[in-house]
Amino acid sequence: MLSEEERATYEWQLDVPGFGEEGQERLSQASVMISRCGGLGSVVAYELAAAGVGKLVLAHAGNVRQGDLNRHLLMTHDWLGKPRIECAVRRLKELNPRLDIVGVNANVNEDNVRELTEQADVIVDAAPLFQERYLMNQQAVLQGKPMVECAMYELGLQVTTFAPGKTACLSCLYPEFPEQWKRRFPVFGAVSGTLGCIAAMEAIKVISGLGSPLYNQMLMLDLRDGSFMKRTIRKRSDCRTCATVKP
Amino acid sequence: MKITILLWGQLKSLAEADSLELEVPEPHTIENAVGTLVKAKAALKPMLVDENDQPQASIVVFADGVQVISREETPLSEGMEITLMSPISGG
Ligand SMILES: [Zn+2]
């Protein structure tokens, strides 16, 4: 049951057909893990906090740097040189004090990925390195949890949602490690922000049952010219990650 | 054989074009389409082919909108739309 305060806070979205009080209750009982909380993850976390998700599990190492501030929208100028995760948690709590947050001052790695993902119903992959993405994908498959997969480069953004047993996984999409990806890439905050909103909507749809998530569909949007395309992703029968795991 | 190539990720930036028409001589394979493309757009070479001039294994290929699982088992056909995607991980 939603409280009066929750009903008042979320009244504009409660009116969305196919969502309603039931959708809101599902959101408030759900937990989402997001790694990392940079340009992309910041906005995913902020939108999910605003929408009333119950719990966020956030992983992001390091201190706020000057170069973060064009897109890490949870980071503030007064927090330069101090831990990013503290700033993110503070900003999210300011927006939604009901939110339960686990903030970890580390990036996803082999030692923490299982513990982090076990605390969540849905994973949002917003990591800048493929090593982190593959680790989360492996846990998503093993634990049977949906993972919203989103990435950007320059003015282009892409998103799909993996659901173990129903769809392909990240290793089906990228069976070969993409050696050519570089940690540093050109991007505007408005690009990561647009993508973060789409990814947050994917998580909301998966949790609440609203609409149709991008299952086996990759949405690619180029903000340079306003063009978009959708492509079908296929499961590989020989996938090293998902082929042998029973749904 | 004439096909259309659509580019995504760094490939689109490097080519400064999102699509191009390509006349692919025989054999009508994805491998040959990539080889023909690299000749037409040299800027794509570092991303598209390896040191042996073979198509990079990590490039994702979609044929008429659907991901190609086996490049060898997917022949080109007249008017086919091939999308080439370099994996991106910006977060
Ligand atoms: Zn797979």
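The values are calculated or read from the model by the stated rules, or taken from the named source; none is laboratory data. Computed from a prediction, not measured in an experiment: that's the story for all the values here. FYI the Cβ positions are ideal-geometry reconstructions off the backbone, even for glycines, and counts take in every protein chain you see.
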Complete set of residues in region A:103-139 that are in contact with a Pro (Cβ under 6 Å, 6 or more places away or on another chain) and within 13 Å of A:M33 (Cβ to Cβ): A:V122
Inside region A:6-46, can you point out the residues that are within 21 Å of A:N105 (Cα to Cα) and either over 10 Å from the mean Cα position of the chain (by Cα) or surrounded by fewer than 21 Cβ atoms within 10 Å (Cβ to Cβ) (or both)? A:S31, A:G38, A:G39, A:Y46
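Surrounded by 19 or more Cβ atoms within 10 Å (Cβ to Cβ) and either among the small types (G, A, S) or within 16 Å of A:M33 (Cβ to Cβ) (or both): does that describe A:A51? Steps first, please.
Values: surrounded by 19 or more Cβ atoms within 10 Å (Cβ to Cβ): yes; either among the small types (G, A, S) or within 16 Å of A:M33 (Cβ to Cβ) (or both): yes.
The answer is yes for A:A51.
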Could you check how many residues of region A:132-147 are over 22 Å from B:L84 (Cα atoms) and more than 11 Å from the ligand (Cβ to nearest atom)? 10
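Considering each residue of region A:142-154, count those that are crowded, with 20+ Cβ neighbours inside 10 Å and away from every other protein chain (no Cβ under 14 Å), and give that number.
2
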How about region A:205-247: which of its residues are within 16 Å of the ligand (Cβ to nearest atom) and among the charged types (D, E, K, R)? A:R234, A:K235, A:R236, A:D238, A:R240, A:K246
Would you check if A:L219 is more than 10 Å from every other protein chain (Cβ to nearest Cβ) and under 19 Å from A:A151 (Cβ atoms)? yes
Among what's in region B:54-82 and is of a type outside the set (A, V, I, L, M, F, W, C), part of a strand (DSSP E or B) and under 17 Å from A:E176 (Cβ atoms), pick the residue that is farthest from the other protein chains (Cβ to nearest Cβ). B:P55
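Do you know which residues across region B:28-53 are among the aliphatic types (A, V, I, L, M) and not in a helix (DSSP H, G or I)?
If we filter region B:28-53 for residues that are among the aliphatic types (A, V, I, L, M), which is where we start, we get B:30, B:33-34, B:37-38, B:40, B:42-44, B:47-49.
Listed by number, the list holds a single entry, B:V49.
Matching residues to (1) buried (at least 22 other Cβ atoms within 10 Å of the Cβ); (2) at pLDDT below 95; (3) among the basic types (K, R):
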| position | (1), (2), (3) |
| --- | --- |
| B:M1 | no, no, no |
| B:I5 | yes, no, no |
| B:G9 | yes, yes, no |
| B:K12 | yes, yes, yes |
| B:D18 | no, yes, no |
| B:E26 | no, no, no |
| B:I30 | yes, no, no |
| B:T36 | no, no, no |
If I filter region A:161-172 for residues that are among the β-branched types (V, I, T) and within 11 Å of the ligand (Cβ to nearest atom), do I get at least one hit? yes
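Table: residues versus (1) surrounded by fewer than 20 Cβ atoms within 10 Å (Cβ to Cβ); (2) within 14 Å of chain B (Cβ to nearest Cβ); (3) touching a residue at least 40 places away in the same chain (Cβ under 8 Å); (4) of a type in the set (K, R).
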{"site": "A:D100", "(1), (2), (3), (4)": "yes, no, yes, no"}
{"site": "A:D125", "(1), (2), (3), (4)": "no, yes, yes, no"}
{"site": "A:R133", "(1), (2), (3), (4)": "no, yes, no, yes"}
{"site": "A:N137", "(1), (2), (3), (4)": "no, yes, yes, no"}
{"site": "A:A140", "(1), (2), (3), (4)": "no, no, no, no"}
Listed residues A:A168, A:A243, A:A190; which is on the phi < 0 side of the Ramachandran plot and touching a residue at least 60 places away in the same chain (Cβ under 8 Å)? A:A168
List the pairs whose first member sits in region A:228-240 and is more than 8 Å from chain B (Cβ to nearest Cβ), whose second member is more than 10 Å from the ligand (Cβ to nearest atom), and whose Cβ atoms are under 6 Å apart, counting only residues at least 6 apart or on separate chains? A:F228/A:L221
Being of a type in the set (K, R) and within 23 Å of A:E6 (Cβ to Cβ): is that true of A:R65 here? no
Among the residues of region A:57-88, count how many are in a strand (DSSP E or B) and either closer than 16 Å to A:I101 by Cβ or modelled with pLDDT under 95 (or both). 4
Return the total of residues in region A:113-139 being over 21 Å from A:I204 (Cβ atoms), in contact with a strand residue (DSSP E or B) (Cβ under 7 Å, 6 or more places away or on another chain) and outside any helix (DSSP H, G or I). 1
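Per-residue answers, yes or no, for (1) more than 17 Å from A:R236 (Cα to Cα); (2) modelled with pLDDT of 95 or more; (3) hydrophobic (A, V, I, L, M, F, W, C); (4) in contact with a strand residue (DSSP E or B) (Cβ under 6 Å, 6 or more places away or on another chain):
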| site | (1), (2), (3), (4) |
| --- | --- |
| A:Q158 | yes, yes, no, yes |
| A:T167 | no, yes, no, yes |
| A:Y174 | no, yes, no, no |
| A:E179 | yes, no, no, no |
| A:K182 | yes, no, no, no |
| A:G196 | yes, yes, no, no |
| A:E202 | yes, yes, no, yes |
Select from region A:169-189 the residues that are among the small types (G, A, S) and within 7 Å of chain B (Cβ to nearest Cβ) and list them in ascending order. none
